[in-house]
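Contents: one structure, followed by commentary.
The values are calculated or read from the model by the stated rules, or taken from the named source; none is laboratory data. Only a predicted model underlies this, so the values are computations on that prediction, with no experimental measurement involved. Heads up, the Cβs are rebuilt from the backbone with ideal geometry, glycines too, and the neighbour counts pull from every protein chain shown. The area values use the complete protein model at the heavy-atom level, side chains included, leaving out ligands, DNA and RNA. Shrake-Rupley method; radii C 1.70, N 1.55, O 1.52, S 1.80 Å.
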Amino acid sequence: MLFRKLIVAAATSFAALAAVAAPVITPAYTTTGINVLGEVNAAEYTLDMTFKLDDLSGWRKLVDFNNRADDAGLYVYWDQLAFATTSDDLVWGSGTAGTGIGTRLTLTRDNTGLVSAYINGAFQLSFNDVSNVAVFGTTGGQTSAWILADDVQFDSREQAAGTLTSFKVYNHALTANEIAAVPEPESMALVAAGLMTALTLSRRRQNKA
């Protein structure tokens, strides 16, 4: 019975990941940001990425939506997450980002325009995107999602070098429960190892019987 439960749990975990695209970038170091072309829905999506910034002093932009043409976007300020809907209006996160040692950021926008952000599976902030500032622009007919890149309006001064170790895209907004349940690659490896162990032991028992 224990082996059966483990197999079912592992199968459920794999099924939960079925809707996610293969990592677009894993890993990648950048000093100029990365433009993920054509991989993200413009208005309804989930971005799930693990990253580390080399410099956490002051404002650092994590996600830019309008081809680096304005100040709006998702930032980290020292160790706190914030979404700038304009240069002056901010929606602050409720906890620390912890990006000095790497962190998992999940950003969603659903079909009603509700934008939500999570750090390591824990809810941080949300707002109704009535102005569509979290809708990705296009370049050459493809959605253009700039990651770890600041806008050029102020000479990219809020950009920091960093490393993306994982970047996954969903074509819909995951729920809070789904975000908390999605395992990291290391967890998936453990699930797979556990599944293989369970199958091996089960076969041994059958052979002995």
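Residue-wise test of (1) of a type outside the set (Gly, Ala, Ser); (2) in contact (Cβ under 8 Å) with a residue 60 or more places away in the chain; (3) outside any loop (DSSP other than H, G, I, E, B); (4) open to solvent by 30 Å² or more (accessible area, probe 1.4 Å).
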position: Ser94; (1), (2), (3), (4): no, no, yes, yes
position: Phe123; (1), (2), (3), (4): yes, no, yes, yes
position: Ser126; (1), (2), (3), (4): no, no, yes, yes
position: Ala145; (1), (2), (3), (4): no, yes, yes, no
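Hey, among Ala22, Ala18, Ala82, which residue is at pLDDT 95 or above, not in a helix (DSSP H, G or I) and not charged (D, E, K, R)?
Ala82
Any idea which of (1) open to solvent by less than 50 Å² (accessible area, probe 1.4 Å); (2) at pLDDT 95 or above is the one Leu90 doesn't satisfy?
Answer for Leu90: the failing condition is (1).
Among (1) out of contact with any Ser or Thr (no Cβ under 7 Å at 6 or more places or on another chain); (2) among the small types (Gly, Ala, Ser); (3) in a loop (DSSP other than H, G, I, E, B), where does Ser131 come up short?
(1)
Give the residue that is most open to solvent (accessible area, probe 1.4 Å), with candidates limited to residues of the stretch 43-61 that are among the aliphatic types (A, V, I, L, M) and under 14 Å from Thr108 (Cβ atoms).
Top of the filtered list is Ala43.
For residues in the stretch 157-170 being touching a residue at least 24 places away in the same chain (Cβ under 8 Å) and assigned to a loop (DSSP other than H, G, I, E, B), which is farthest from Ala82 (Cα to Cα)?
Checking each candidate, the answer is Ala161.
Do you know which of the residues in the stretch 96-121 that are surrounded by fewer than 14 Cβ atoms within 10 Å (Cβ to Cβ) and among the β-branched types (Val, Ile, Thr) is nearest to Asp55 (Cα to Cα)?
Residue satisfying both the conditions and the ranking: Ile101.
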